[in-house]
Amino acid sequence: MSTLKLLAMLVAILFVAPAVATAGWWSLVDRPGSWRSADWSSSGLLPAAPERNAAAVYVFAARTGGLKGAFSVHSWIVLKRPGATRYERYDKVGWGSPIRRDGWAADGRWYSNAPELVAMAEGERAASLLAEMDAAIASYPYAGRGDYRIWPGPNSNSFVAHVLRQVPALGATLPPNATGRDYAPGVASFDLAPDGRDLHVTLNGLAGFAVGARSGLELHFMGLVAGLDLARPALKIPAFGRVPLWPGA
């Protein structure tokens, strides 16, 4: 078998087959026909802000709407400052001014899809991260009007991934089905995390790999991610997401 045929077979097995299967599952899911009919209300995952005096940092992700939801989640960041009476939510969107603050409930559903908690820090640990989180949000290079592209990025997940890479102490990466998280400008990008514990290599977000303490082992192709989470043992399935190898992982 030629090298080209072998590569094509690997791509079909690792990326295409899981993506097609996930699209088939998604076609059977009951979901709203448009953003107007979708539920954007609080999911109830977070307590009321005045009830939480301590600092907190959260990263959420939820399946997006329409056909995109078969392949990707939308992610966002939530901050709670010590003594504050409200949460601050940060998203990137594809219309108007891209970086939105408090556009939706902190733990709101996205196109009726309930969010999952991707990462969190609370108390003194969160308080120590707030300045870095603020700096990372402010330093995002694609924050102007027109600086949004659904695929391969920069999109909502590219924004959150940028923040997480700039704040490695949070110890978080986005789910494998956060399409756009691996976007980087230029033909090729070699990015070593500030703490040296993750290496990310990509060809414009279209193909590449990541390896490290947070990323585990990943292969990237056309925005899809296949791999293995080593810190919390799980498979990373293209389009579908993270599948723990045992309960609680």
Starting from the stretch 177-196, take each residue that is without any contact (Cβ under 8 Å) to a residue 12 or more places away in the chain and list its partners that are assigned to a strand (DSSP E or B) and of a type in the set (S, T, N, Q), counting only C-beta distances under 9 angstrom and pairs at least six apart or across chains. Phe190/Thr202
Lone qualifier among Val211, Val201, Val243 - being among the β-branched types (Val, Ile, Thr), touching a strand residue (DSSP E or B) at 6+ places or on another chain (Cβ under 8 Å), part of a strand (DSSP E or B) and within 21 Å of Ala17 (Cβ to Cβ): Val243
Take the stretch 96-108 and flag every residue that is in contact (Cβ under 8 Å) with a residue 24 or more places away in the chain and assigned to a loop (DSSP other than H, G, I, E, B). Gly96, Ser97, Pro98, Trp104, Ala105, Ala106, Asp107
Restricted to the stretch 195-222 and to residues being aliphatic (A, V, I, L, M) and more than 19 Å from Ala12 (Cβ to Cβ), the residue surrounded by the most Cβ atoms within 10 Å (Cβ to Cβ) is Ala210
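Every residue, every condition in (1) of a type in the set (A, V, I, L, M, F, W, C); (2) farther than 16 Å from Ile77 by Cα, yes or no:
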{"site": "Glu116", "(1), (2)": "no, no"}
{"site": "Ala119", "(1), (2)": "yes, no"}
{"site": "Ala126", "(1), (2)": "yes, no"}
{"site": "Met133", "(1), (2)": "yes, no"}
{"site": "Ala143", "(1), (2)": "yes, no"}
{"site": "Gly146", "(1), (2)": "no, yes"}
{"site": "Arg149", "(1), (2)": "no, yes"}
{"site": "Gly153", "(1), (2)": "no, yes"}
{"site": "Ser156", "(1), (2)": "no, no"}
Can you find a residue that is part of a loop (DSSP other than H, G, I, E, B) and aromatic (Phe, Trp, Tyr) anywhere in the stretch 179-186? yes
Expected single match for of a type in the set (Gly, Ala, Ser), surrounded by 21 or more Cβ atoms within 10 Å (Cβ to Cβ) and over 21 Å from the mean Cα position of the chain (by Cα) among Ala12, Ala106, Ala55 is Ala55
Can you tell me how many residues in the stretch 1-57 are aromatic (Phe, Trp, Tyr) and assigned to a loop (DSSP other than H, G, I, E, B)? 2
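The numbers here are math on the coordinates, done by the rules we state, and not lab data. On a predicted model such as this, the values are computed, not experimentally measured, just so you know. In this analysis, Cβ positions are derived from the backbone assuming ideal geometry, glycine residues included, and neighbour counts consider all displayed protein chains.
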